[in-house]
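The values are calculated or read from the model by the stated rules, or taken from the named source; none is laboratory data. From a predicted model like this one, the values you see are computed outputs, not experimental measurements. Note: ideal-geometry Cβ built from the backbone for every residue, glycine included; neighbour counts use all protein chains shown.
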Amino acid sequence: MKLSIFSVGDVVYSYGVIEFEGGEDFLGEILKREPSQLKEELEKKLNTAFTSFGFARGGLDYKGNEMPLVYLRVELEDGSDFSLEIYPGSARSFSNTDAEEHYNTVVKLLTAIQPGLKLPRARLIGLA
């Protein structure tokens with residue numbers, strides 16, 4: 001997996017790009033679970049109860065190519081918010097936190113969903 005996180009200057013907002021690598025069927029791992037099971041697993045991994053949990057399955061038409069899509073959103077008790085749009089080979093993440101917290105939380109979410117997921121060797125965090 002490759003994970004890049006970007007933060008916007010004066011506003012506390014960050015954006016991530018995730019590329020799954022060789023045989024990482026992340027979308028398939030999510031689709032195997034019921035939303036309530038997934039919520040429980042994620043709360044356990046993050047060691048907190050979510051204030052809000054959103055999960056939706058659907059599709060995306062990108063330049064005429066249709067692909068499956070899962071949308072996942074969690075809000076923590078401190079008000080921090082993390083959203084993931086997950087596609088077959090990649091994902092995007094959005095958060096109202098700085099890049100460092102975004103990175104750490106997204107890694108926890110991803111590894112809770114797919115234990116053994118190959119993590120990035122180095123952190124690439126861009127600041128705008």
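Quick notes on this one:
- Residue in region 118-128 that is at pLDDT 95 or above, among the aliphatic types (A, V, I, L, M) and either more than 12 Å from the chain's Cα centre (by Cα) or not in a strand (DSSP E or B) (or both) present: no
- Qualifying residue in region 105-122 (condition: over 24 Å from Val12 (Cβ atoms) and in contact with a Ser or Thr (Cβ under 6 Å, 6 or more places away or on another chain)): yes
- Selection from region 33-60 of residues that are under 16 Å from Thr97 (Cβ atoms) and either at pLDDT 95 or above or surrounded by 16 or more Cβ atoms within 10 Å (Cβ to Cβ) (or both): Leu46, Phe50, Thr51, Ser52
- Condition check for Val17: touching a residue at least 24 places away in the same chain (Cβ under 8 Å), out of contact with any helix residue (DSSP H, G or I) (no Cβ under 9 Å at 6 or more places or on another chain) and assigned to a loop (DSSP other than H, G, I, E, B): no
- Scanning region 50-107 for residues that are assigned to a loop (DSSP other than H, G, I, E, B) and either within 20 Å of Glu21 (Cα to Cα) or of a type in the set (D, E, K, R) (or both) gives Lys63, Glu77, Asp78, Tyr87, Pro88, Gly89, Asp98.
- Test result for Ile18, out of contact with any Phe, Trp or Tyr (no Cβ under 6 Å at 6 or more places or on another chain), crowded, with 16+ Cβ neighbours inside 10 Å, β-branched (Val, Ile, Thr) and under 23 Å from Ala99 (Cβ atoms): yes
- Flag if Ile30 is surrounded by 17 or more Cβ atoms within 10 Å (Cβ to Cβ) and either of a type in the set (Gly, Ala, Ser) or in a strand (DSSP E or B) (or both): no
- Of all residues in region 90-105, those that are farther than 23 Å from Leu60 by Cβ have Cβ atoms under 8 Å from Cβ atoms of residues that are assigned to a helix (DSSP H, G or I), 6 or more apart or on another chain, in Thr97/Thr105; Thr105/Leu46.
- Residues that are crowded, with 21+ Cβ neighbours inside 10 Å and touching a Leu at 6+ places or on another chain (Cβ under 6 Å) were ranked within region 71-110; the one that is farthest from Ser4 (Cα to Cα) is Leu72.
- Residue in region 1-10 that is of a type in the set (Lys, Arg), in contact with a strand residue (DSSP E or B) (Cβ under 9 Å, 6 or more places away or on another chain) and modelled with pLDDT under 90 present: yes
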